[in-house]
Every structure is written in C-alpha cells, then in structure tokens.
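The values are calculated or read from the model by the stated rules, or taken from the named source; none is laboratory data. Quick caveat: nothing in here was measured; it's all calculated off a predicted structure. Cβ sites come from the backbone with ideal geometry, for glycine too, and all protein chains shown count toward neighbours.
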Amino acid sequence: MGRAGECCSALLRFLMRVISYFLLTWKIDFTACSAVFSTFERHLPQVHNLINEHIAQSFVYSIMSSHFDTDAENRLGFGKYLSDLADTMWNNAVEIVKYTGKRGGSVAPLMDNSSGTGLRISGDVRKLSRAFLGHFLENQFVNKNVELIRQLSGFLTNLVPMSQETSGSDLALYLFDQSLA
C-alpha cells in the first residue's frame, strides 16, 4: 500500500474513533431517525385508500375502453381516450406507492373504495397543515385532475348539443370519436 493508501486508512481509523466516541457519549436513540416524520403515519390509511381508488378507477377505465374498442361499438377514439385515462390512474397509484416508500411507510392495500377519497385527503391535509403530503398531492395530482376536469367539461360542451340534434347526431358522434383517436 502506498503513502496515499496509508493516509486514507489512518484517516478512516481516526474518523471511526471520533464517531464511536460521540455515539457512546451522546446516547442518541437512532431508532427515532427514520423517513417517517410529521404525521405521515397517521394518514397512511387514507393514502392506502387513495392508492386503491386509483387502481380501481384504472380498472373501470380499462373495462370501458375495451367496451368502446369492440366491433359492435367501434368507437376507437373513446377507447383510446379511456385507455389513456386508465394508464394515468395506474401511474398515479404507482407514484403514490413510491412516495409512501420514500416516507418510510408500507403499502398493504385496503379494499375500501369509497368515492371522493382524494379530495377528502387533500382537505384533511390542508386543514391539519401537513405541508409535505399536501404539497406532494397538490403538485402531482390536483393540478392534473383540474386539467382533466376542464378537458372533460369541454367534451361535454361539444357532445350535449350533438346528442340533442335529431338529424346528423350519429355523424357528429363519429367525427368527435375520430378527433379523439
């Protein structure tokens, strides 16, 4: 071993002695040092519900997509749009699972699929001023959902008058479906 190697070894031995000294004299409880901080652990049941809700909605959108992709319906644009929504919901669930892991939580799925969980969690978090979880939910999901709601309301604005027309509604629906594809 050269002089540089000896120097590194000596420095490491010194650092280990210093660290050992502080560990023995300070009596620090390192079990308290974890990624679970603030009140994240208290919100884990709601986070689990949110994950399950996203997965369930992903399945619903997938089933609806396959319905519109059949030869009987032949609405490929609707099928593609719903398939994209299913993928988005699935990816959102995966992002929440990853975030839960980063925060030191574990994911043991609960099969409670109550509607409105996302909004309820976001409201609870805001009321309790829990900045980390609230910031994550708002940045990752709320803004995306606002855009999605705006897009869907635009679709409805176009579809409702089309469906009320007595003649040409089938052609209008077909053209709208093609615009989604």
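Identify all residues within region 58-90 that are of a type in the set (Gly, Ala, Ser) and either outside the structural domain of Leu173 (by TED's automatic domain parsing) or farther than 20 Å from Leu148 by Cα (or both); write none if there are none.
Ser66, Ala72
Name the single residue, out of those in region 79-106 being among the aromatic types (Phe, Trp, Tyr) and modelled with pLDDT of 90 or more, that is surrounded by the fewest Cβ atoms within 10 Å (Cβ to Cβ).
Result: Trp90.
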